[in-house]
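These notes are about the structure you will find just below.
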Amino acid sequence: MYWFTADEHYGHPRIREYCGRPFCSVSEMDEEIIRRYNEVVGDDDTVIHAGDFTLRPSLKESQKYISQLKGKHIFLRGSHDKWTKKLNCHEIFELTIDGQYIVVCHYAMRVWPRSHYNSWQLFGHSHGRLEPIGKQMDVGIDCHRFYPVSFEQVKTYMFSRPDNPNLIRKR
């Protein structure tokens, strides 16, 4: 099973204030996000983290969080992910699930690969403050009660969305 998430901001002391997160401390926030993640993600699942995983600058510090999370991980670079420079991380990740082409990036885009064919784009960064266009979805945890989003949830959401603005209509 595939899961998508973004903007966990593990160890980030000011994110509670910036985003109005309802936690008394950074450690409480980190523990609860990890608990909710592990509540739904299985050991054999694949999770695509669309940036801003942690503010911690080193891979060693980031590994402290990664080791507590179930599943296989694909990390994309976000605004704060200096620790990913030592890894082979993507800025944009493209995949196909059940015949659906999906583009994942930390940032929302006006157009993205195959958007003119109604591909989907999943993003973070905006913490729920940016209205998606067409087949886009903010997968950041601030939009989803601090849980990752399953492919099935994404699919249900996308069926309710309008076509991409640049869709090429067949005549």
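Before moving on, here are some points about what is shown:
- Against the criterion of being surrounded by 17 or more Cβ atoms within 10 Å (Cβ to Cβ), of a type in the set (Val, Ile, Thr) and either touching a strand residue (DSSP E or B) at 6+ places or on another chain (Cβ under 6 Å) or within 28 Å of Lys135 (Cα to Cα) (or both), Ile15 qualifies.
- Options Asp52, Asp43: the member that is acidic (Asp, Glu) and within 13 Å of the chain's Cα centre (by Cα): Asp52
- Meets criteria (in contact (Cβ under 8 Å) with a residue 60 or more places away in the chain and in contact with a helix residue (DSSP H, G or I) (Cβ under 7 Å, 6 or more places away or on another chain)) for His80: no
- A search for C-beta distances below 6 Å between a residue of region 32-46 that is touching a residue at least 12 places away in the same chain (Cβ under 8 Å) and any residue that is surrounded by 16 or more Cβ atoms within 10 Å (Cβ to Cβ) and among the basic types (Lys, Arg), counting only pairs 6+ apart in sequence or on different chains, returns Asn38/Lys70; Val41/Lys70; Asp43/Lys70.
- Any chance Gly134 is on the phi < 0 side of the Ramachandran plot and in contact (Cβ under 8 Å) with a residue 24 or more places away in the chain: no
- Considering region 18-31, the residues that are touching a helix residue (DSSP H, G or I) at 6+ places or on another chain (Cβ under 9 Å) and either of a type in the set (S, T, N, Q) or touching a residue at least 60 places away in the same chain (Cβ under 8 Å) (or both) include one that is surrounded by the most Cβ atoms within 10 Å (Cβ to Cβ), namely Arg21.
- All of (1) at pLDDT below 95; (2) over 18 Å from the mean Cα position of the chain (by Cα) hold for Ser27 with one exception: (1).
- Residue count, region 47-68 (criterion: of a type outside the set (Lys, Arg), in contact with a strand residue (DSSP E or B) (Cβ under 9 Å, 6 or more places away or on another chain) and either free of Cβ contacts under 8 Å to residues at least 12 places away in the same chain or surrounded by fewer than 19 Cβ atoms within 10 Å (Cβ to Cβ) (or both)): 3
- Only residues that are surrounded by fewer than 16 Cβ atoms within 10 Å (Cβ to Cβ) and in contact with a Leu (Cβ under 6 Å, 6 or more places away or on another chain) were counted in region 72-94, giving 1.
The values are calculated or read from the model by the stated rules, or taken from the named source; none is laboratory data. The structure presented is a predicted model; accordingly, all values stated were derived computationally and were not measured. Note that each Cβ is placed from the backbone with ideal geometry, even for glycine, and that neighbours are counted across all protein chains shown.
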